[in-house]
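Q: Before we start, here is the structure in question, set down as structure tokens.
No value in this document is a laboratory result; all are computed from the given coordinates. This structure is a prediction, so every number in the text was calculated from the model and none was measured. With ideal geometry, Cβ positions are generated from the backbone for all residues, glycine too; neighbour counts draw on all protein chains shown.
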Amino acid sequence: MSIYRQAQYLLNAHKLSQLPEDKGIEVAFAGRSNAGKSSAINAITGQRGLARTSKTPGRTQHIVLFTLDEDRRLVDLPGYGYAKVPLAMKLHWQKTLERYLHTRKCLHGLILMMDIRHPLTEFDQHMLNWCNQSNMPVHILLTKADKLSYGKAMMVLQQVRKSIAENNTIQLFSALKRTGIEEVQTRLNDFF
């Protein structure tokens, strides 16, 4: 049985002080509010309702942690960019996200999710730049790959691959069609 099928909800943290002790290994999922982070976590773990999904962008309003075992956790970060929430809430998320990324010693990798129809937004570029400067390993999921033909999806994959650092990895992913799940699980294994 895959370690990811054993994932269990641990907690929601509105502030960093609510996170568990900074030990073990965490891999975080980041991306725009509508990139499909929660859907990807559900697909990767094979559990439909583990991470809460919504058609309304910006529903993940906390740092949500899921345990795989005593030492390993998946982290669903609040989305950045578009979300129908008050400005004060957006600013809180931004500060909390920055502090999490800069201070969390047990963070060993980042899964950066980009909607394949809108890759490499300004926010995505900022995240990639920070990760590269911090030597944080990044694996990019071009989500919602089912929305494009295979040929068009491969074109976007090649274009984005040319625009990112060589040490970053990238793949096509569709939670709906269950495309790319084994590939991202393999990459997660490398992070853990």
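Q: Placing one identical point scatterer on every Cα of region 107-171 and ignoring solvent, what is log10 I(q)/I(0) from the Debye formula at q = 0.13 Å⁻¹?
A: Taking Cα atoms of region 107-171 as identical point scatterers yields -0.32.
Q: A follow-up question, please. HN-Hα J couplings of region 95-102 from phi, Karplus 6.51/-1.76/1.60, θ = phi - 60°, integer Hz, Gly and Pro as x?
A: 5, 5, 4, 4, 5, 4, 5, 7
Q: As a test of the formula, what do you get for the chain when each DSSP H run with n ≥ 4 contributes -39,500 (n - 2.57) and the sum is divided by the residue count, at 222 nm and rounded to the nearest 500 deg cm²/dmol?
A: -10500 deg cm²/dmol
Q: Among MET136, MET155, MET113, which one shows the highest mean-square fluctuation when the chain is modelled as a Gaussian network with alpha-carbon springs under 10 Å?
A: MET155
Q: I've got another one for you. Express as a percent, rounded to the nearest 5, the fraction of DSSP beta bridges in the chain (both residues included) that run antiparallel.
A: Expressed as a percentage, antiparallel bridges in the chain total about 30.
Q: Just ALA145, ALA40, ALA13 to compare: in a GNM of the chain, with alpha carbon springs under 10 Å, which one fluctuates most?
A: Maximum among the listed residues: ALA13.
Q: Are any of the pairs LYS23/LYS95; LYS152/LYS177; LYS95/LYS177; LYS37/LYS147 more than 26 Å apart by Cα-Cα distance, and if so, which?
A: The answer is LYS95/LYS177.
Q: Please name which of GLN158, LEU148, ASN132 has its Cα lying farthest along the dipole of region 129-192 towards the positive end, using unit charges on Cβ (Lys, Arg +1; Asp, Glu -1) and the Cα centre as origin.
A: LEU148
Q: ³J(HN,Hα) across region 110-117 via Karplus (A = 6.51, B = -1.76, C = 1.60, θ = phi - 60°), whole Hz, x for Gly/Pro?
A: 10, 9, 9, 9, 10, 4, 4, 7
Q: Another question, if that's okay. Give the order of ARG72, ARG52 when sorted by the count of other beta carbons within 10 angstrom, beginning with the fewest.
A: Placing the least packed residue first, the sequence is ARG52, ARG72.
Q: Within 10 Å, at most 11 other Cβ atoms, and a DSSP state outside H, G, I, E, B define an exposed site. Report the longest part of the chain free of exposed GluC sites (Glu not before Pro).
A: 71-165
Q: ASP115: net charge of surrounding residues, Cβ under 9 Å, Lys/Arg +1, Asp/Glu -1, itself excluded?
A: +4
Q: Now for a different question. Where nothing but the Cβ of Lys and Arg (+1) and of Asp and Glu (-1) is charged, how large is the charge dipole of the chain around its Cα centre, in debye to the nearest 20?
A: 720 debye
Q: For a quick check: with amide H placed at 1.01 Å from N, whose amide H comes under 5 Å from ILE140's, ignoring anything fewer than 5 positions away on the same chain?
A: Those qualifying (amide H under 5 Å, at least 5 residues apart or on another chain) are LEU112, THR169, ILE170, GLN171.
Q: With all distinct Cα pairs included, what does the Kirkwood hydrodynamic radius of the chain come out to in Å, to one decimal, could you say?
A: Mean inverse Cα-Cα distance, inverted, gives 16.6 Å.
Q: Determine, for CYS131, CYS106, the number of other Cβ atoms within 10 Å of each Cβ, and report the residues in order from fewest to most.
A: Ordered by Cβ neighbours within 10 Å, fewest first: CYS106, CYS131.
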